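Below is one structure, written out as structure tokens; the observations come after it.
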Amino acid sequence: MATLLETDAVLKRGLSELALADPVMAKLAESGITPQLRRRPPGFEGLAWIVVGQQVSTASATAIWNRLRQVLEPPTPDVFLRLSDEDLRAAGLSAGKVRTLRALATELVEGRLPLDELQNRPAEEAHDLLTRVKGIGPWTADVYLLFCLGHPDAFPSGDLAVQEAARLAYGLEQRPDARTLAALAEAWRPWRGVAAKMLWAYYRKVKSREGAPV
């Protein structure tokens, strides 16, 4: 496994290697697209935050998380399992997210998910372990691996913004689905996570230029 994305130096190394491997990535870099390192805390807290943020805006996710943290102190799986459904609904969690977080907390408390060890596993193996938890899908697993653990090769091929950025950057007729984008991303190994960061940064720049919210 390549060095974890823990410093700007590693990020720059990944960008340099992507530019050598892919002329489109090189063109994006030359145009001034500069992704940020951005890390979130690992463990239950980080993964729970990602689950909370599924399919809602960043502002909504932040508001829900802040309300949840008022009753989730400390933010551990044991404490989460002691909260009632009423507490969780009052924080703004949907029924589906309550079920997912309860399943995750149970797996951790009962020792079936080695969350603390995933940083030392290959991205694919860590991804498989996470998606065994009911309610944790590929996008959630990949975003956790990339933003909480710094896996440089984790790649959220199902992310709509990454798909749209790839369509624009590569001049594709339509937005690639997850399978098509995963195939395109093979050329970016072992830095697919850095490529995702590049595409997110490109997407934000394009949407900002169009006057749309980012």
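The values are calculated or read from the model by the stated rules, or taken from the named source; none is laboratory data. All figures in this text were calculated on a predicted structure; none of them were measured in a lab. All Cβ positions, even for glycine, are placed from backbone atoms using ideal geometry, and neighbour counts span all protein chains on display. Just the protein is used for accessible areas: all its heavy atoms, side chains included, with ligands, DNA and RNA removed. Shrake-Rupley method; radii C 1.70, N 1.55, O 1.52, S 1.80 Å.
See the values below:
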| quantity | calculated |
| --- | --- |
| FRET E, pair Gln119, Val79, Förster distance 25 Å, beta-carbon r, rounded to 0.05 | 0.60 |
| Listed residues Asp85, Asp159, Asp177 arranged by accessible area, highest first, probe 1.4 Å | Asp177, Asp85, Asp159 |
| Region 107-214: Cα Rg divided by the 2.2 N^0.38 Å rule of thumb | 1.16 |
| Span-like helix ranges in the chain, DSSP H, alpha carbon extent 30 angstrom or more, Kyte mean at least -0.5 | none |
| Debye intensity ratio in log₁₀ form over the Cα atoms of the chain, taken at each q of 0.10, 0.13, 0.15, 0.18 Å⁻¹ | -0.46, -0.76, -0.98, -1.29 |
| Carbon + sulfur, % of accessible area of the chain - ligands and nucleic acids excluded, 1.4 Å | 50 |
| Efficiency of FRET between Arg189 and Arg132 - r from beta-carbon atoms, R0 30 angstrom, step 0.05 | 0.80 |
| Lys27, Lys205, reordered so the largest accessible area comes first (probe 1.4 Å) | Lys27, Lys205 |
| Share of alpha-carbon pairs per 10 Å distance bin for region 14-63, given as whole % | 22, 29, 23, 26, 0 |
| Geometric extent, Cα atoms of region 48-175 - Rg, Dmax (angstrom) | 15.9, 51 |
| Asp142 accessible area, assembled protein chains, probe 1.4 Å, Å² | 20 |
